[in-house]
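The values are calculated or read from the model by the stated rules, or taken from the named source; none is laboratory data. No experiment lies behind these values; they were computed from the predicted model shown. Neighbour counts are summed over all protein chains in view; Cβ atoms, including those assigned to glycine, are modelled from backbone coordinates with ideal geometry.
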Amino acid sequence: GLTGNKGWRPVWRDPEPKSDYDVIIIGGGGHGLATAYYLAKNHGITNIAVLERGYIGGGNVGRNTTIVRANYFLPGNSEFYSHSLKLWENMEQELNFNTMHSARGLINLFHTDGQRDAFARRGNMMCNQGDDAILLDRDGVRKHLPYLDFDNHRFPVYGGLYHPRGGTARHDAVAWGYAHAADRLGVDLIQQCEVTGIDVRDGKVQGVETTRGAIRANRVGIVVAGRSSQVAAMAGVDVPIESHILQAFVTEGLKPTVDHVVSFGMGHFYLSQSDKGGLVFGGDLDFYASYAQRGNLPMMEHVMEAGMSLVPALGKAKVLRSWGGIMDMTPDGSFIIDRTKVDGLYMDCGWCYGGFKAVPASGWCMAHLMAEDAPHEVAKKHTFDRFRTGHGLMDEEGTGSQHN
Ligand code: FAD
């Protein structure tokens with residue numbers, strides 16, 4: 001069937017950019033594509049260009065470890081991610097695209113009494129939000145994850161918080177699914193088109209300069225993840241974001257072994273198995289600010305050690321590849337979907353290590369903000385103001401970090 005790759009229909013058009021649009025979205029990652037799709041689908045705005053400097057799926061949306069979950073604790077995050085998980089559960093029907101969403105269950109391990117208490121509270125919060133959580137004891141974890149090292153003395157497994165509706169999806173298929181669906185509604189997806197400047201006159205956005213010429217629009221959304229501070233600076237906007245590298249790893253394909261997503265926060269390690277059989281795992285940030293889309297060796301060593309201490313059998317597998325992505329880190333670990341000081345210029349950023357699971361709700365809420373010039377109910381706490389005033393910070397970094 002693949003012979004010659006002939007006669008295939010492109011999944012989306014490859015249009016030339018027009019000179020003006022109603023809306024420009026900068027960034028063709030998961031969030032930018034979902035924003036364009038929901039602007040068209042929910043708000044009837046279809047004269048939209050998504051401008052992508054590289055190719056669709058080349059950013060973090062195609063570099064992440066694909067974990068999808070709704071296990072946040074704090075008001076603000078809890079309802080947002082709950083909304084997102086519901087959108088995931090209907091995504092394939094909605095987009096008419098196989099994103100390989102697999103609710104295989106996520107287990108966060110705990111290793112002390114204090115951590116058990118914290119996870120019990122988190123589980124109660126998840127249930128109050130209408131999501132699912134089950135507190136497992138040591139034997140309960142052993143039933144699901146018999147391959148863990150239960151004799152580990154440094155971090156003995158006390159139990160785990162099981163979130164059955166959590167799981168994974170194929171990351172680049174999510175980008176392709178939104179791209180395909182947005183294109184069908186008339187959105188122009190323009191690849192190889194880097195935004196190099198943002199035109200602002202009298203405090204209002206007029207359009208953008210790009211490597212393919214100037215394009216006008218009086219509503220522009222910056223949705224560029226790890227490049228948020230650089231692109232915002234083009235409009236004179238300062239954002240409370242640092243860019244850091246996060247790495248991940250995949251092994252050769254193995255027979256099905258790891259049925260769930262396993263998160264070992266104490267050791268900065270998490271693990272799942274892809275449908276191709278590769279064990280997919282990662283850890284924490286490299287911890288120096290950088291725009292390089294690749295990681296460094298010390299974190300690689302740390303991740304391998306943590307993995308081996310939890311699953312000694314990992315030592316038998318060969319690592320095939322590692323890669324890195326640029327994370328847009330906020331001081332409190334929670335995201336921003338908000339207006340800027342420039343009229344008509346909006347931002348969706350600060351996704352830290354956890355923005356894949358947020359793709360549908362982020363697009364939904366950013367589209368609402370750009371169409372109505374008012375925040376959506378489930379994202380109304382996620383403004384820039386919390387960093388100016390110190391009120392309403394949502395310090396949930398621990399949920400993002402080491403848990404993805
Ligand atoms: P991107 O795909 O990076 O999209 C931004 C786009 O903007 C890029 O394509 C870029 O080329 C474009 N751009 C930048 N500057 C310009 C410009 N000037 N002009 C035009 N275009 C521009 N999240 C989870 O929920 N679960 C996980 O398991 C998980 N694991 C991760 C593991 C790793 C190793 C990494 C790197 C990330 C992980 N994440 C995870 C985080 C998640 O991938 C990101 O938060 C999310 O993908 C960011 O949003 P995006 O998809 O829109 O970003």
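Points to keep in mind about this one:
- A search for C-beta distances below 8 Å between a residue of region 280-304 that is closer than 20 Å to GLN230 by Cβ and any residue that is assigned to a helix (DSSP H, G or I) and of a type in the set (S, T, N, Q), counting only pairs 6+ apart in sequence or on different chains, returns TYR291/GLN230.
- Number of the exception - SER362 against (1) more than 13 Å from the ligand (Cβ to nearest atom); (2) surrounded by 21 or more Cβ atoms within 10 Å (Cβ to Cβ): (1)
- Test: residue in region 252-266 that is buried (at least 18 other Cβ atoms within 10 Å of the Cβ), under 24 Å from VAL359 (Cβ atoms), modelled with pLDDT of 95 or more and more than 14 Å from the ligand (Cβ to nearest atom): yes
- Residue satisfying all of: in region 277-296; surrounded by 15 or more Cβ atoms within 10 Å (Cβ to Cβ) and among the charged types (D, E, K, R); nearest to THR65 (Cα to Cα) among these: ASP284
- Answer from MET366, MET327 - the residue that is among the aliphatic types (A, V, I, L, M), part of a helix (DSSP H, G or I), touching a residue at least 60 places away in the same chain (Cβ under 8 Å) and touching a helix residue (DSSP H, G or I) at 6+ places or on another chain (Cβ under 8 Å): MET366
- Subset of region 218-236 (residues that are crowded, with 17+ Cβ neighbours inside 10 Å and away from the ligand (no atom under 14 Å from the Cβ)): ARG219
- Once region 33-56 is narrowed to residues that are farther than 14 Å from GLN192 by Cβ and hydrophobic (A, V, I, L, M, F, W, C), the residue that is farthest from the ligand (Cβ to nearest atom) is ILE45.
- Residue in region 180-192 that is assigned to a strand (DSSP E or B) and within 11 Å of the ligand (Cβ to nearest atom) present: yes
- Count of residues meeting criterion [within 15 Å of the ligand (Cβ to nearest atom) and in a loop (DSSP other than H, G, I, E, B)] in region 13-32: 5
- Filter result (over 12 Å from GLY30 (Cβ atoms) and touching a Leu at 6+ places or on another chain (Cβ under 6 Å)) within region 49-72: ARG69, ALA70
- Among the residues of region 193-204, the ones that are within 22 Å of TYR37 (Cα to Cα) and part of a strand (DSSP E or B) come to 1 in all.
- Neighbours by Cβ (under 6 Å, 6+ apart or cross-chain): first from region 35-63, assigned to a loop (DSSP other than H, G, I, E, B); second surrounded by fewer than 22 Cβ atoms within 10 Å (Cβ to Cβ) and among the polar types (S, T, N, Q): GLU52/GLN191; TYR55/GLN191
- Screening GLY226 on (1) part of a helix (DSSP H, G or I); (2) more than 30 Å from ASP275 (Cβ to Cβ) shows it passes everything except condition (2).
- Residue in region 146-153 that is crowded, with 17+ Cβ neighbours inside 10 Å and either at pLDDT 95 or above or not in a loop (DSSP other than H, G, I, E, B) (or both) present: yes
- Among the residues listed as PRO75, PRO10, the single one being more than 16 Å from the ligand (Cβ to nearest atom) and under 19 Å from ALA379 (Cα atoms): PRO75
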